[in-house]
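Quick notes on the structure that follows.
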Amino acid sequence: MQRLLTPMVFLSLLLSGASFGFFYAWVCSTMWGLDTLEPNVAIMAMNAMNISVRNGVFMPVFLGTPVVLIATSVVAFLAGQRKVAMLIGAGGLMYIFGAFIPTASINVPHEHRARAI
């Protein structure tokens, strides 16, 4: 179990960094850019981006990060690394409740809402 922990921690950090980088760049560039547009144009642009981001590059990171974080926490716990397990588990819960759920349920409109706007 211990031999599996190091690559899993690395993968957890890599996926977490990719997710954070995506959301950080989105807020610091895309959202500020949309603020400069007329509301109707900004809504159309945001809807187009929300559809285009559902791709083979973003989705594995977005969906895989919480799975890998929780799996790494379990492996760390089973390897006797309780502190590592708690820290990575806490990171997984923060990602799930702070990024995954809000993005999936609130920020990204569902198909029927995107068409109605």
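The values are calculated or read from the model by the stated rules, or taken from the named source; none is laboratory data. Predicted, not measured: the structure shown is a model, and the values here were computed from it. FYI the Cβ positions are ideal-geometry reconstructions off the backbone, even for glycines, and counts take in every protein chain you see.
Out of all the residues in the range 1-53, which are in a loop (DSSP other than H, G, I, E, B) and out of contact with any Phe, Trp or Tyr (no Cβ under 9 Å at 6 or more places or on another chain)? Of everything in the range 1-53, those that are in a loop (DSSP other than H, G, I, E, B) and out of contact with any Phe, Trp or Tyr (no Cβ under 9 Å at 6 or more places or on another chain) turn out to be 1, 36, 37, 38.
Among residues of the range 53-69 being in contact with a helix residue (DSSP H, G or I) (Cβ under 8 Å, 6 or more places away or on another chain) and surrounded by fewer than 18 Cβ atoms within 10 Å (Cβ to Cβ), the one that is farthest from residue 16 (Cα to Cα) is 58. Out of all the residues in the range 52-63, is one or more within 21 Å of residue 98 (Cα to Cα), of a type in the set (Phe, Trp, Tyr) and out of contact with any Gly (no Cβ under 9 Å at 6 or more places or on another chain)? Yes, that holds for at least one residue.
Condition test on residue 113, is it at pLDDT 95 or above and not acidic (Asp, Glu)? When the stated conditions are applied, residue 113 does not pass them. The residue that is surrounded by the fewest Cβ atoms within 10 Å (Cβ to Cβ), among those in the range 72-110 that are at pLDDT below 95 and not in a helix (DSSP H, G or I), is 110. For the range 25-47, a residue qualifies if it is of a type in the set (Phe, Trp, Tyr) and either surrounded by 11 or more Cβ atoms within 10 Å (Cβ to Cβ) or over 22 Å from the mean Cα position of the chain (by Cα) (or both), and exactly one does: 26.
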